[in-house]
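A.B. asks: Questions regarding the structure given below will be posed in turn.
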Amino acid sequence: MQALTPAQAKRLRGLAHGLRPVLWIGRRGATAAVLAAMEEALLAHELIKVRLRDLPDRGARRALLSELADRTGSALAGAVGHTAVFYRPHPDPQRRRIDPTG
């Protein structure tokens, strides 16, 4: 997926504000089970919130978030502390529910 513009990322973060995290990731990181769960959640919701646990190092968190975005084909809309927001439009244009442009 191509990178989001700052305006698109801001809109998506606003839409995600009221969401609860659908995925919790621990110190094992991007395991096959985590990637499968994230793929399923992105297909079902397009916009998801992910919570990272047991990763106190900011650099490790950033690396993991970048890896998750790359491996799932999603875009990282934003990250604050241990919480991140990912977006990937549904592959079927008829089933897309979220327009990042507003």
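A.B. asks: Restricting to the stretch 19-35, name every residue that is under 11 Å from Leu55 (Cβ atoms) and either surrounded by 17 or more Cβ atoms within 10 Å (Cβ to Cβ) or in contact with a Leu (Cβ under 9 Å, 6 or more places away or on another chain) (or both).
C.D. replies: Ile25, Gly26, Arg27, Gly29 - these are the residues of the stretch 19-35 that are under 11 Å from Leu55 (Cβ atoms) and either surrounded by 17 or more Cβ atoms within 10 Å (Cβ to Cβ) or in contact with a Leu (Cβ under 9 Å, 6 or more places away or on another chain) (or both).
A.B. asks: Output the residues belonging to the stretch 55-98 that are surrounded by 11 or more Cβ atoms within 10 Å (Cβ to Cβ) and among the acidic types (Asp, Glu).
C.D. replies: Answer for the stretch 55-98, where residues must be surrounded by 11 or more Cβ atoms within 10 Å (Cβ to Cβ) and among the acidic types (Asp, Glu): Glu67, Asp70.
A.B. asks: How many of the residues in the stretch 36-91 are in a helix (DSSP H, G or I) and either touching a helix residue (DSSP H, G or I) at 6+ places or on another chain (Cβ under 7 Å) or of a type in the set (Phe, Trp, Tyr) (or both)?
C.D. replies: Number satisfying all stated conditions: 6.
A.B. asks: Being among the aliphatic types (A, V, I, L, M) and either touching a residue at least 24 places away in the same chain (Cβ under 8 Å) or farther than 19 Å from Gln2 by Cβ (or both) is the requirement here; does Ala41 meet it?
C.D. replies: For Ala41, the condition - among the aliphatic types (A, V, I, L, M) and either touching a residue at least 24 places away in the same chain (Cβ under 8 Å) or farther than 19 Å from Gln2 by Cβ (or both) - is met.
A.B. asks: Answer yes or no as to whether Leu52 is touching a strand residue (DSSP E or B) at 6+ places or on another chain (Cβ under 6 Å) and either hydrophobic (A, V, I, L, M, F, W, C) or surrounded by 18 or more Cβ atoms within 10 Å (Cβ to Cβ) (or both).
C.D. replies: yes
Quick note: the coordinates plus some simple rules give every number you see, no bench work behind them. Nothing here was measured: the structure is a model prediction, and the numbers come from that model. With ideal geometry, Cβ positions are generated from the backbone for all residues, glycine too; neighbour counts draw on all protein chains shown.
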